[in-house]
Amino acid sequence: MKLTGAELIIELLERQGVRIVAGIPGGALLPLYEALGRSRVLRHVLARHEQGAAFMAQGMARITGKAGVCFATSGPGVTNVVTALADAKLDSIPLVCIAGQVPTHLIGTDAFQEVPTLDMVRPITKASFFVRHADQLARVIPDAFRIAETGRPGPVLVDVPKDIQLQMTECLECEPATAVDGSDDLSQLFEAALQLIAAARRPVLYVGGGVVKARAHALVRELAERVDIPVTTTLMALGTLPSAHRLNIGMLGMHGARYTNVVLDECDLVIAVGARFDDRATGRPDQFVRNAKIIHIDIDAREFGKIKPVTLAIQCDAHCALRELLARAPSRSGTEWMRRVEDLRKCLPLQTPHDDDLCSPYGIIRAVGELASADAIVTTDVGQHQMWVAQAYPFQRPDRWLTSGGLGTMGFGLPAAIGAALAAPDATTLCFTGDGSLLMNIQELATLAELDLNVKIIVLDNASLGLVRQQQELFYRQRYVASLFAQPSNFTAIAKAFGVRALDLESTIAPYGALARAIEIPGPMLIRVPIAAEHHVLPMVAPGAANTEALDHASA
(Lines give C-alpha, C1' and ligand atoms only; values in the text may rest on other atoms or scores of the structure.)
Protein backbone atom coordinates (compact mmCIF):
# COMPACT_ATOMS: atom_id res chain seq x y z
CA MET A 1 0.00 0.00 0.00
CA LYS A 2 1.31 3.43 -1.00
CA LEU A 3 1.32 6.19 1.63
CA THR A 4 2.83 9.63 1.90
CA GLY A 5 5.62 10.07 4.41
CA ALA A 6 3.21 11.99 6.65
CA GLU A 7 0.62 9.22 6.49
CA LEU A 8 3.29 6.65 7.31
CA ILE A 9 4.40 8.64 10.39
CA ILE A 10 0.82 8.63 11.68
CA GLU A 11 0.50 4.90 10.95
CA LEU A 12 3.76 4.18 12.77
CA LEU A 13 2.76 6.27 15.79
CA GLU A 14 -0.49 4.32 16.01
CA ARG A 15 1.45 1.04 15.88
CA GLN A 16 3.61 2.25 18.77
CA GLY A 17 0.49 2.58 20.90
CA VAL A 18 0.49 6.38 20.90
CA ARG A 19 -2.96 7.81 21.51
CA ILE A 20 -2.31 11.48 22.38
CA VAL A 21 0.14 13.92 20.81
CA ALA A 22 0.65 17.57 21.76
CA GLY A 23 1.84 20.27 19.42
CA ILE A 24 1.24 23.36 17.33
CA PRO A 25 0.96 23.22 13.52
CA GLY A 26 3.10 25.29 11.18
CA GLY A 27 3.90 25.46 7.48
CA ALA A 28 6.66 22.84 7.49
CA LEU A 29 4.43 20.39 9.36
CA LEU A 30 1.08 20.86 7.63
CA PRO A 31 1.30 17.62 5.60
CA LEU A 32 1.66 15.72 8.88
CA TYR A 33 -1.30 17.56 10.39
CA GLU A 34 -3.40 16.82 7.31
CA ALA A 35 -2.66 13.12 7.79
CA LEU A 36 -3.32 13.42 11.52
CA GLY A 37 -6.75 14.84 10.78
CA ARG A 38 -7.72 11.55 9.12
CA SER A 39 -6.59 9.35 12.00
CA ARG A 40 -9.32 7.63 14.00
CA VAL A 41 -6.87 6.73 16.77
CA LEU A 42 -4.67 9.72 17.56
CA ARG A 43 -5.95 12.64 19.60
CA HIS A 44 -4.16 15.96 19.18
CA VAL A 45 -3.86 18.49 22.00
CA LEU A 46 -3.29 22.02 20.77
CA ALA A 47 -0.84 23.70 23.12
CA ARG A 48 -0.36 27.46 23.18
CA HIS A 49 3.45 27.24 23.02
CA GLU A 50 5.70 24.48 21.72
CA GLN A 51 7.57 24.32 25.04
CA GLY A 52 4.21 23.69 26.68
CA ALA A 53 3.50 20.90 24.18
CA ALA A 54 6.79 19.18 24.96
CA PHE A 55 6.22 19.46 28.71
CA MET A 56 2.73 17.99 28.23
CA ALA A 57 4.39 15.06 26.45
CA GLN A 58 6.78 14.81 29.40
CA GLY A 59 3.85 14.76 31.82
CA MET A 60 2.31 11.85 29.95
CA ALA A 61 5.65 10.03 29.83
CA ARG A 62 6.38 10.51 33.53
CA ILE A 63 3.02 8.97 34.45
CA THR A 64 2.93 6.09 31.95
CA GLY A 65 6.64 5.28 31.60
CA LYS A 66 6.14 5.28 27.81
CA ALA A 67 7.53 7.88 25.42
CA GLY A 68 5.43 11.01 25.17
CA VAL A 69 5.08 12.55 21.71
CA CYS A 70 5.05 16.17 20.59
CA PHE A 71 5.02 17.88 17.19
CA ALA A 72 6.87 21.11 16.36
CA THR A 73 7.26 22.96 13.09
CA SER A 74 10.59 24.21 11.73
CA GLY A 75 12.49 27.27 12.93
CA PRO A 76 10.92 28.90 16.00
CA GLY A 77 8.69 25.88 16.54
CA VAL A 78 11.58 23.54 17.13
CA THR A 79 13.71 26.10 18.96
CA ASN A 80 10.82 26.49 21.40
CA VAL A 81 11.02 22.80 22.36
CA VAL A 82 14.78 22.87 23.01
CA THR A 83 14.39 23.65 26.72
CA ALA A 84 11.97 20.77 27.22
CA LEU A 85 14.31 18.39 25.36
CA ALA A 86 17.21 19.41 27.60
CA ASP A 87 14.97 18.96 30.62
CA ALA A 88 14.01 15.45 29.49
CA LYS A 89 17.65 14.56 28.85
CA LEU A 90 18.77 15.52 32.36
CA ASP A 91 15.82 13.80 34.04
CA SER A 92 15.96 10.70 31.78
CA ILE A 93 12.41 11.08 30.43
CA PRO A 94 11.40 9.18 27.26
CA LEU A 95 10.18 11.67 24.68
CA VAL A 96 9.82 11.61 20.88
CA CYS A 97 9.60 14.94 19.07
CA ILE A 98 8.58 14.92 15.39
CA ALA A 99 9.89 18.18 13.94
CA GLY A 100 9.09 19.72 10.58
CA GLN A 101 11.88 21.05 8.40
CA VAL A 102 12.03 23.16 5.23
CA PRO A 103 12.06 21.18 1.95
CA THR A 104 15.36 19.41 1.25
CA HIS A 105 16.26 21.60 -1.76
CA LEU A 106 16.13 24.69 0.49
CA ILE A 107 18.27 23.35 3.31
CA GLY A 108 21.40 25.45 3.71
CA THR A 109 19.95 28.49 1.93
CA ASP A 110 18.74 30.35 5.04
CA ALA A 111 15.21 29.66 3.93
CA PHE A 112 12.23 31.02 5.84
CA GLN A 113 12.04 29.29 9.25
CA GLU A 114 15.13 27.19 8.61
CA VAL A 115 17.41 26.30 11.50
CA PRO A 116 20.09 23.57 11.77
CA THR A 117 17.89 21.46 14.03
CA LEU A 118 20.15 18.44 14.50
CA ASP A 119 23.19 20.60 15.23
CA MET A 120 21.22 22.34 17.99
CA VAL A 121 19.66 19.31 19.65
CA ARG A 122 22.41 16.71 19.34
CA PRO A 123 24.01 17.52 22.76
CA ILE A 124 20.64 17.56 24.56
CA THR A 125 18.99 14.47 23.12
CA LYS A 126 19.69 10.77 23.45
CA ALA A 127 19.54 10.50 19.65
CA SER A 128 18.44 12.61 16.68
CA PHE A 129 17.56 11.65 13.10
CA PHE A 130 17.32 13.56 9.82
CA VAL A 131 15.03 11.79 7.35
CA ARG A 132 16.30 12.06 3.76
CA HIS A 133 13.73 9.77 2.13
CA ALA A 134 10.28 8.62 3.16
CA ASP A 135 11.41 4.99 2.91
CA GLN A 136 13.59 5.60 6.00
CA LEU A 137 10.60 6.35 8.22
CA ALA A 138 9.63 2.70 8.62
CA ARG A 139 12.90 2.14 10.48
CA VAL A 140 13.51 5.56 12.04
CA ILE A 141 10.21 5.98 13.91
CA PRO A 142 10.31 2.58 15.69
CA ASP A 143 14.01 3.14 16.44
CA ALA A 144 13.20 6.52 17.97
CA PHE A 145 10.79 4.89 20.43
CA ARG A 146 13.15 2.01 21.19
CA ILE A 147 16.02 4.39 21.95
CA ALA A 148 13.83 6.76 23.99
CA GLU A 149 12.39 3.99 26.18
CA THR A 150 15.20 1.46 26.66
CA GLY A 151 18.35 1.61 28.76
CA ARG A 152 18.57 5.01 30.38
CA PRO A 153 15.50 6.76 28.89
CA GLY A 154 15.75 10.09 27.15
CA PRO A 155 14.45 12.37 24.38
CA VAL A 156 14.77 11.63 20.67
CA LEU A 157 14.09 14.09 17.84
CA VAL A 158 13.15 13.15 14.27
CA ASP A 159 13.60 15.97 11.73
CA VAL A 160 11.38 15.49 8.64
CA PRO A 161 11.55 17.94 5.70
CA LYS A 162 8.23 19.02 4.25
CA ASP A 163 8.83 17.36 0.87
CA ILE A 164 9.63 14.06 2.59
CA GLN A 165 6.26 14.24 4.34
CA LEU A 166 4.64 14.47 0.87
CA GLN A 167 6.81 11.82 -0.77
CA MET A 168 5.15 8.48 -1.58
CA THR A 169 6.46 5.28 -0.04
CA GLU A 170 5.40 1.69 0.51
CA CYS A 171 3.81 0.87 3.86
CA LEU A 172 5.81 -2.20 4.81
CA GLU A 173 5.62 -4.32 7.91
CA CYS A 174 8.63 -3.29 9.96
CA GLU A 175 10.82 -5.88 11.57
CA PRO A 176 11.37 -4.87 15.17
CA ALA A 177 14.91 -3.81 15.93
CA THR A 178 16.88 -6.49 17.72
CA ALA A 179 17.58 -5.49 21.29
CA VAL A 180 21.19 -5.77 22.27
CA ASP A 181 21.62 -7.77 25.44
CA GLY A 182 24.53 -6.15 27.21
CA SER A 183 24.09 -8.08 30.42
CA ASP A 184 26.98 -10.16 31.67
CA ASP A 185 26.96 -12.57 34.56
CA LEU A 186 26.58 -10.15 37.45
CA SER A 187 26.31 -12.73 40.20
CA GLN A 188 29.87 -12.20 41.44
CA LEU A 189 29.32 -8.44 41.68
CA PHE A 190 26.14 -8.90 43.69
CA GLU A 191 27.87 -11.38 45.97
CA ALA A 192 30.57 -8.76 46.56
CA ALA A 193 27.86 -6.19 47.27
CA LEU A 194 26.27 -8.45 49.88
CA GLN A 195 29.63 -8.94 51.56
CA LEU A 196 30.04 -5.17 51.84
CA ILE A 197 26.50 -4.84 53.23
CA ALA A 198 27.06 -7.64 55.75
CA ALA A 199 30.29 -6.00 56.95
CA ALA A 200 28.78 -2.53 57.29
CA ARG A 201 27.70 -1.29 60.70
CA ARG A 202 26.13 1.98 59.48
CA PRO A 203 24.75 1.47 55.94
CA VAL A 204 22.42 3.84 54.05
CA LEU A 205 20.36 3.13 50.94
CA TYR A 206 20.58 6.16 48.62
CA VAL A 207 17.79 6.04 46.01
CA GLY A 208 17.51 8.13 42.86
CA GLY A 209 15.19 8.63 39.94
CA GLY A 210 16.40 5.47 38.21
CA VAL A 211 14.38 3.45 40.73
CA VAL A 212 11.23 5.35 39.73
CA LYS A 213 11.92 4.84 36.01
CA ALA A 214 12.29 1.09 36.66
CA ARG A 215 9.08 1.06 38.76
CA ALA A 216 11.13 -0.63 41.48
CA HIS A 217 10.00 1.29 44.57
CA ALA A 218 8.22 -1.72 46.08
CA LEU A 219 11.51 -3.63 45.94
CA VAL A 220 13.30 -0.77 47.73
CA ARG A 221 10.80 -0.99 50.57
CA GLU A 222 11.11 -4.78 50.79
CA LEU A 223 14.92 -4.62 50.85
CA ALA A 224 15.04 -1.79 53.39
CA GLU A 225 12.65 -3.58 55.74
CA ARG A 226 14.49 -6.88 55.44
CA VAL A 227 17.93 -5.40 56.13
CA ASP A 228 16.65 -2.66 58.49
CA ILE A 229 18.46 0.10 56.64
CA PRO A 230 17.62 3.82 56.47
CA VAL A 231 16.62 5.13 53.05
CA THR A 232 17.37 8.59 51.71
CA THR A 233 16.10 9.78 48.35
CA THR A 234 16.98 12.41 45.82
CA LEU A 235 14.41 14.98 44.77
CA MET A 236 13.43 12.74 41.85
CA ALA A 237 12.71 9.69 44.03
CA LEU A 238 10.48 11.19 46.73
CA GLY A 239 7.73 8.77 47.71
CA THR A 240 9.85 5.67 47.17
CA LEU A 241 8.98 4.98 50.79
CA PRO A 242 5.84 6.61 52.21
CA SER A 243 6.84 9.84 53.93
CA ALA A 244 5.94 8.52 57.40
CA HIS A 245 7.73 5.18 57.04
CA ARG A 246 10.16 4.63 59.92
CA LEU A 247 13.07 3.87 57.54
CA ASN A 248 12.50 6.96 55.40
CA ILE A 249 15.03 9.63 56.40
CA GLY A 250 13.87 12.02 53.69
CA MET A 251 15.59 13.95 50.94
CA LEU A 252 19.32 14.51 51.21
CA GLY A 253 21.36 17.47 50.05
CA MET A 254 20.95 21.20 49.72
CA HIS A 255 17.50 21.44 51.31
CA GLY A 256 17.43 18.13 53.18
CA ALA A 257 16.79 17.91 56.91
CA ARG A 258 19.90 18.36 59.05
CA TYR A 259 19.61 14.88 60.54
CA THR A 260 19.48 13.31 57.06
CA ASN A 261 22.78 14.87 56.05
CA VAL A 262 24.37 13.99 59.39
CA VAL A 263 23.26 10.35 58.98
CA LEU A 264 25.03 10.30 55.63
CA ASP A 265 28.10 11.90 57.15
CA GLU A 266 28.26 9.16 59.81
CA CYS A 267 27.50 6.17 57.58
CA ASP A 268 30.15 3.64 56.60
CA LEU A 269 28.46 2.27 53.45
CA VAL A 270 26.28 3.91 50.79
CA ILE A 271 24.27 1.71 48.44
CA ALA A 272 23.36 4.13 45.63
CA VAL A 273 20.70 2.81 43.25
CA GLY A 274 19.67 4.83 40.20
CA ALA A 275 21.26 8.03 41.54
CA ARG A 276 23.92 10.16 39.88
CA PHE A 277 25.52 12.05 42.80
CA ASP A 278 24.51 15.45 41.44
CA ASP A 279 25.78 18.60 43.13
CA ARG A 280 22.46 19.48 44.79
CA ALA A 281 22.55 16.10 46.54
CA THR A 282 26.22 15.92 47.48
CA GLY A 283 27.15 19.48 48.37
CA ARG A 284 30.94 19.67 48.49
CA PRO A 285 31.87 16.30 46.95
CA ASP A 286 35.02 15.62 48.96
CA GLN A 287 33.00 16.03 52.18
CA PHE A 288 30.08 13.88 51.06
CA VAL A 289 29.90 10.42 52.74
CA ARG A 290 33.59 10.94 53.46
CA ASN A 291 33.95 7.86 55.71
CA ALA A 292 31.88 5.46 53.62
CA LYS A 293 32.47 2.82 51.01
CA ILE A 294 30.19 3.20 48.00
CA ILE A 295 28.27 0.60 46.01
CA HIS A 296 26.95 2.35 42.90
CA ILE A 297 24.25 0.61 40.85
CA ASP A 298 23.13 2.37 37.67
CA ILE A 299 22.04 1.51 34.17
CA ASP A 300 24.43 4.13 32.74
CA ALA A 301 28.11 3.27 33.25
CA ARG A 302 29.10 6.86 32.49
CA GLU A 303 27.89 7.80 35.97
CA PHE A 304 30.42 5.60 37.77
CA GLY A 305 33.15 7.65 39.41
CA LYS A 306 32.00 10.86 37.70
CA ILE A 307 31.59 12.68 41.02
CA LYS A 308 32.74 10.23 43.70
CA PRO A 309 35.15 7.26 43.50
CA VAL A 310 33.22 4.04 44.09
CA THR A 311 34.16 0.83 45.86
CA LEU A 312 31.95 -1.36 43.68
CA ALA A 313 30.17 -0.41 40.43
CA ILE A 314 27.37 -2.54 39.00
CA GLN A 315 25.84 -1.60 35.64
CA CYS A 316 22.30 -2.87 35.88
CA ASP A 317 18.67 -1.84 35.71
CA ALA A 318 17.41 -0.88 39.17
CA HIS A 319 14.57 -3.40 39.15
CA CYS A 320 16.89 -6.27 38.25
CA ALA A 321 19.53 -5.13 40.77
CA LEU A 322 17.10 -4.90 43.67
CA ARG A 323 15.71 -8.36 42.87
CA GLU A 324 19.26 -9.74 42.94
CA LEU A 325 19.98 -8.09 46.29
CA LEU A 326 16.71 -9.35 47.76
CA ALA A 327 17.51 -12.88 46.64
CA ARG A 328 20.72 -12.79 48.68
CA ALA A 329 20.12 -10.44 51.61
CA PRO A 330 19.59 -11.97 55.07
CA SER A 331 17.07 -10.28 57.36
CA ARG A 332 18.09 -8.29 60.41
CA SER A 333 16.37 -5.84 62.73
CA GLY A 334 16.79 -3.67 65.78
CA THR A 335 20.25 -2.49 64.84
CA GLU A 336 22.21 -0.02 66.94
CA TRP A 337 22.57 2.09 63.79
CA MET A 338 18.81 2.57 63.47
CA ARG A 339 18.66 3.67 67.10
CA ARG A 340 21.32 6.28 66.30
CA VAL A 341 19.31 7.41 63.27
CA GLU A 342 16.22 7.88 65.45
CA ASP A 343 18.21 9.89 67.97
CA LEU A 344 19.45 12.19 65.21
CA ARG A 345 15.91 12.54 63.83
CA LYS A 346 14.74 13.76 67.25
CA CYS A 347 17.70 16.10 67.84
CA LEU A 348 17.96 17.61 64.33
CA PRO A 349 14.47 17.36 62.80
CA LEU A 350 13.18 19.12 59.73
CA GLN A 351 11.60 22.34 60.98
CA THR A 352 8.33 23.46 59.35
CA PRO A 353 7.50 26.79 60.98
CA HIS A 354 3.99 28.30 60.79
CA ASP A 355 2.51 25.06 59.45
CA ASP A 356 -0.74 25.92 61.23
CA ASP A 357 -1.14 29.04 59.06
CA LEU A 358 -2.87 28.30 55.75
CA CYS A 359 -1.19 31.30 54.11
CA SER A 360 2.32 30.10 54.85
CA PRO A 361 4.44 27.72 52.77
CA TYR A 362 4.28 24.72 55.08
CA GLY A 363 0.72 25.49 56.12
CA ILE A 364 -0.74 25.34 52.60
CA ILE A 365 1.29 22.24 51.69
CA ARG A 366 0.17 20.47 54.88
CA ALA A 367 -3.46 21.39 54.24
CA VAL A 368 -3.45 20.27 50.60
CA GLY A 369 -1.71 17.04 51.63
CA GLU A 370 -4.50 16.39 54.15
CA LEU A 371 -7.25 17.10 51.65
CA ALA A 372 -5.90 15.31 48.59
CA SER A 373 -6.15 11.56 48.05
CA ALA A 374 -3.11 9.31 48.35
CA ASP A 375 -3.04 8.71 44.58
CA ALA A 376 -3.12 12.41 43.66
CA ILE A 377 -0.54 13.47 41.09
CA VAL A 378 1.76 16.26 42.26
CA THR A 379 3.69 18.52 39.90
CA THR A 380 5.76 21.58 40.71
CA ASP A 381 7.54 24.36 38.99
CA VAL A 382 11.00 25.38 40.22
CA GLY A 383 11.97 27.55 43.17
CA GLN A 384 11.13 27.85 46.84
CA HIS A 385 7.72 26.24 46.46
CA GLN A 386 9.36 23.19 44.83
CA MET A 387 11.64 22.67 47.82
CA TRP A 388 8.88 23.31 50.38
CA VAL A 389 6.77 20.66 48.67
CA ALA A 390 9.73 18.27 48.53
CA GLN A 391 10.30 18.73 52.25
CA ALA A 392 6.74 18.64 53.54
CA TYR A 393 4.25 16.98 51.18
CA PRO A 394 3.12 13.53 52.45
CA PHE A 395 4.20 11.51 49.42
CA GLN A 396 2.90 7.94 49.30
CA ARG A 397 4.27 6.81 45.92
CA PRO A 398 7.02 8.11 43.61
CA ASP A 399 5.29 7.55 40.27
CA ARG A 400 2.83 10.38 41.04
CA TRP A 401 5.57 12.98 41.62
CA LEU A 402 6.62 15.15 38.66
CA THR A 403 9.23 17.88 38.96
CA SER A 404 12.07 19.32 36.91
CA GLY A 405 15.16 18.12 38.74
CA GLY A 406 18.27 18.31 36.59
CA LEU A 407 17.54 21.42 34.53
CA GLY A 408 15.32 23.18 37.08
CA THR A 409 12.96 24.65 34.49
CA MET A 410 10.56 27.35 35.56
CA GLY A 411 7.39 26.87 33.50
CA PHE A 412 7.45 23.07 33.78
CA GLY A 413 4.63 22.62 36.29
CA LEU A 414 1.42 23.65 34.50
CA PRO A 415 1.97 21.93 31.14
CA ALA A 416 3.37 18.83 32.87
CA ALA A 417 0.22 18.74 35.02
CA ILE A 418 -1.92 18.91 31.87
CA GLY A 419 0.02 16.00 30.37
CA ALA A 420 -0.28 13.99 33.58
CA ALA A 421 -4.02 14.62 33.74
CA LEU A 422 -4.38 13.50 30.12
CA ALA A 423 -2.61 10.25 31.00
CA ALA A 424 -4.57 9.71 34.24
CA PRO A 425 -7.87 11.62 33.85
CA ASP A 426 -9.52 9.99 36.88
CA ALA A 427 -6.88 11.29 39.31
CA THR A 428 -6.67 14.73 40.87
CA THR A 429 -3.57 16.57 39.66
CA LEU A 430 -2.06 19.19 41.95
CA CYS A 431 0.30 21.77 40.46
CA PHE A 432 2.26 23.71 43.07
CA THR A 433 3.82 26.78 41.50
CA GLY A 434 5.16 30.22 42.27
CA ASP A 435 4.17 33.52 40.74
CA GLY A 436 7.46 33.74 38.84
CA SER A 437 7.27 30.18 37.50
CA LEU A 438 3.61 30.30 36.51
CA LEU A 439 4.23 33.35 34.34
CA MET A 440 6.68 31.34 32.23
CA ASN A 441 3.94 29.22 30.61
CA ILE A 442 0.76 30.86 31.86
CA GLN A 443 -0.74 30.73 28.36
CA GLU A 444 -1.37 27.00 28.91
CA LEU A 445 -4.28 28.00 31.15
CA ALA A 446 -6.14 28.30 27.85
CA THR A 447 -5.26 24.69 27.01
CA LEU A 448 -6.36 23.57 30.48
CA ALA A 449 -9.69 25.38 30.21
CA GLU A 450 -10.30 23.89 26.78
CA LEU A 451 -9.59 20.35 27.99
CA ASP A 452 -11.49 20.82 31.29
CA LEU A 453 -9.05 18.58 33.18
CA ASN A 454 -9.09 18.02 36.94
CA VAL A 455 -5.99 20.12 37.64
CA LYS A 456 -5.68 22.29 40.76
CA ILE A 457 -3.04 25.02 40.50
CA ILE A 458 -1.80 26.22 43.90
CA VAL A 459 0.10 29.48 43.39
CA LEU A 460 2.37 30.50 46.27
CA ASP A 461 2.41 34.22 45.46
CA ASN A 462 5.12 36.31 47.14
CA ALA A 463 5.46 38.89 44.36
CA SER A 464 9.08 37.91 43.85
CA LEU A 465 11.49 35.39 42.42
CA GLY A 466 11.60 33.80 45.84
CA LEU A 467 14.69 31.60 45.72
CA VAL A 468 16.70 34.31 43.95
CA ARG A 469 15.61 36.81 46.58
CA GLN A 470 16.51 34.35 49.37
CA GLN A 471 20.02 33.86 48.02
CA GLN A 472 20.45 37.60 47.59
CA GLU A 473 19.47 38.06 51.23
CA LEU A 474 21.74 35.30 52.56
CA PHE A 475 24.77 35.53 50.26
CA TYR A 476 24.66 38.86 48.35
CA ARG A 477 24.33 41.49 51.10
CA GLN A 478 20.56 41.87 50.68
CA ARG A 479 20.87 43.53 47.29
CA TYR A 480 17.51 42.59 45.80
CA VAL A 481 18.32 43.23 42.16
CA ALA A 482 15.64 42.11 39.66
CA SER A 483 14.04 39.67 42.12
CA LEU A 484 11.00 41.69 43.26
CA PHE A 485 7.98 42.33 41.03
CA ALA A 486 7.11 46.03 41.06
CA GLN A 487 3.72 45.23 39.52
CA PRO A 488 2.43 41.90 40.91
CA SER A 489 0.06 39.95 38.68
CA ASN A 490 -3.59 39.37 39.51
CA PHE A 491 -3.62 35.62 39.00
CA THR A 492 -7.26 35.03 39.86
CA ALA A 493 -8.32 37.57 37.24
CA ILE A 494 -5.92 36.05 34.70
CA ALA A 495 -7.24 32.55 35.34
CA LYS A 496 -10.84 33.66 34.94
CA ALA A 497 -9.96 35.45 31.71
CA PHE A 498 -8.67 32.15 30.36
CA GLY A 499 -11.82 30.34 31.50
CA VAL A 500 -10.42 28.70 34.67
CA ARG A 501 -12.20 29.12 38.01
CA ALA A 502 -10.14 30.78 40.72
CA LEU A 503 -10.00 31.17 44.49
CA ASP A 504 -7.96 33.76 46.38
CA LEU A 505 -7.31 32.63 49.96
CA GLU A 506 -6.30 36.17 50.95
CA SER A 507 -9.86 37.45 50.61
CA THR A 508 -11.74 34.27 51.54
CA ILE A 509 -13.78 33.76 54.69
CA ALA A 510 -13.22 30.27 56.16
CA PRO A 511 -10.30 29.57 53.81
CA TYR A 512 -9.75 25.93 54.83
CA GLY A 513 -13.31 25.01 53.88
CA ALA A 514 -13.02 26.94 50.64
CA LEU A 515 -9.77 25.11 49.87
CA ALA A 516 -11.41 21.75 50.56
CA ARG A 517 -14.28 22.54 48.19
CA ALA A 518 -11.87 23.77 45.50
CA ILE A 519 -9.94 20.49 45.58
CA GLU A 520 -13.08 18.36 45.73
CA ILE A 521 -14.98 19.98 42.85
CA PRO A 522 -14.00 18.34 39.52
CA GLY A 523 -12.35 20.45 36.86
CA PRO A 524 -9.60 23.06 36.70
CA MET A 525 -9.11 25.55 39.51
CA LEU A 526 -6.45 28.13 40.38
CA ILE A 527 -5.91 28.75 44.09
CA ARG A 528 -3.84 31.80 45.00
CA VAL A 529 -2.05 31.70 48.35
CA PRO A 530 -0.42 34.95 49.51
CA ILE A 531 3.03 34.24 50.94
CA ALA A 532 5.33 36.73 52.65
CA ALA A 533 8.54 37.22 50.67
CA GLU A 534 10.54 36.87 53.90
CA HIS A 535 9.78 33.14 54.17
CA HIS A 536 12.91 31.08 53.51
CA VAL A 537 13.28 27.48 52.44
CA LEU A 538 15.67 26.01 55.01
CA PRO A 539 17.92 24.19 55.68
CA MET A 540 20.06 25.41 52.80
CA VAL A 541 23.62 24.48 51.92
CA ALA A 542 25.58 27.51 50.75
CA PRO A 543 27.48 27.26 47.46
CA GLY A 544 30.76 25.40 48.02
CA ALA A 545 29.82 24.20 51.51
CA ALA A 546 29.42 20.68 52.84
CA ASN A 547 25.93 19.32 53.51
CA THR A 548 26.69 19.24 57.24
CA GLU A 549 27.27 23.02 57.18
CA ALA A 550 23.72 23.90 56.11
CA LEU A 551 22.10 27.10 57.30
CA ASP A 552 18.93 26.51 59.31
CA HIS A 553 16.26 28.69 60.89
CA ALA A 554 18.51 29.46 63.86
CA SER A 555 21.63 30.38 61.87
CA ALA A 556 19.92 32.23 58.99
- Report, by residue number, each residue of segment 169-188 that is surrounded by 12 or more Cβ atoms within 10 Å (Cβ to Cβ) and either modelled with pLDDT of 95 or more or not hydrophobic (A, V, I, L, M, F, W, C) (or both). Thr169
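From the list Asp375, Asp356, Asp426, Asp399, pick out the single residue that is within 16 Å of the chain's Cα centre (by Cα), outside the structural domain of Asp91 (by TED's automatic domain parsing) and not hydrophobic (A, V, I, L, M, F, W, C).
Of Asp375, Asp356, Asp426, Asp399, the one residue that is within 16 Å of the chain's Cα centre (by Cα), outside the structural domain of Asp91 (by TED's automatic domain parsing) and not hydrophobic (A, V, I, L, M, F, W, C) is Asp399.
Scan Leu474, Leu515, Leu538 and give me the residue that is within 22 Å of Asp357 (Cα to Cα) and either free of Cβ contacts under 8 Å to residues at least 60 places away in the same chain or not in a loop (DSSP other than H, G, I, E, B) (or both). Working first, answer last.
Values: Leu474 fails: within 22 Å of Asp357 (Cα to Cα); Leu538 fails: either free of Cβ contacts under 8 Å to residues at least 60 places away in the same chain or not in a loop (DSSP other than H, G, I, E, B) (or both).
Exactly one of Leu474, Leu515, Leu538 is within 22 Å of Asp357 (Cα to Cα) and either free of Cβ contacts under 8 Å to residues at least 60 places away in the same chain or not in a loop (DSSP other than H, G, I, E, B) (or both), namely Leu515.
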- In segment 438-497, how many are among the acidic types (Asp, Glu) and farther than 21 Å from Ala532 by Cα? 3
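Of a type outside the set (Gly, Ala, Ser), in contact with a strand residue (DSSP E or B) (Cβ under 6 Å, 6 or more places away or on another chain) and over 24 Å from Ala392 (Cα atoms): does that describe Ile271?
On the way: of a type outside the set (Gly, Ala, Ser): yes; in contact with a strand residue (DSSP E or B) (Cβ under 6 Å, 6 or more places away or on another chain): yes; over 24 Å from Ala392 (Cα atoms): yes.
Judged against the criteria, Ile271 is a match.
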- Query: Taking segment 105-145, which residues are closer than 12 Å to Val78 by Cβ and part of a loop (DSSP other than H, G, I, E, B)?
  - Reply: Gln113, Glu114, Val115, Pro116, Thr125
- Please list, ordered by first then second residue, the pairs with beta carbon atoms under 7 Å, 6 or more apart or interchain, first in segment 391-409 and assigned to a loop (DSSP other than H, G, I, E, B), second of a type in the set (Val, Ile, Thr). Tyr393/Ile365; Tyr393/Val378; Thr403/Thr379; Thr403/Thr380; Ser404/Val382; Gly408/Val382; Thr409/Thr83; Thr409/Val382
- Item | Selected residue (only one of Asp91, Asp159 is touching a helix residue (DSSP H, G or I) at 6+ places or on another chain (Cβ under 9 Å), under 20 Å from Met410 (Cα atoms), crowded, with 17+ Cβ neighbours inside 10 Å and among the acidic types (Asp, Glu)) | Asp91
- Message: For segment 52-104, give me each residue that is within 17 Å of the chain's Cα centre (by Cα) and assigned to a loop (DSSP other than H, G, I, E, B).
- Response: Gly65, Lys66, Ala67, Val81, Ser92, Ile93, Pro94
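Can you name every residue in segment 78-95 that is among the polar types (S, T, N, Q), touching a residue at least 60 places away in the same chain (Cβ under 8 Å) and closer than 18 Å to Asp119 by Cβ?
Quick first cut of segment 78-95, residues among the polar types (S, T, N, Q) only: 79-80, 83, 92.
From what is left, the residues that are touching a residue at least 60 places away in the same chain (Cβ under 8 Å) are 83, 92.
If the condition is that a residue be among the polar types (S, T, N, Q), touching a residue at least 60 places away in the same chain (Cβ under 8 Å) and closer than 18 Å to Asp119 by Cβ, then Thr83 is the only one that fits.
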- Query: Could you list, in sequence order, the residues of segment 403-417 that are small (Gly, Ala, Ser) and either outside the structural domain of Glu450 (by TED's automatic domain parsing) or farther than 17 Å from Lys213 by Cβ (or both)?
  - Reply: Gly408, Gly411, Gly413, Ala417
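The values are calculated or read from the model by the stated rules, or taken from the named source; none is laboratory data. All of these numbers come straight from a predicted model, not from anything done at the bench. Ideal geometry is used to build each Cβ from the backbone, glycine not excepted, and the neighbour counts take in all protein chains shown.
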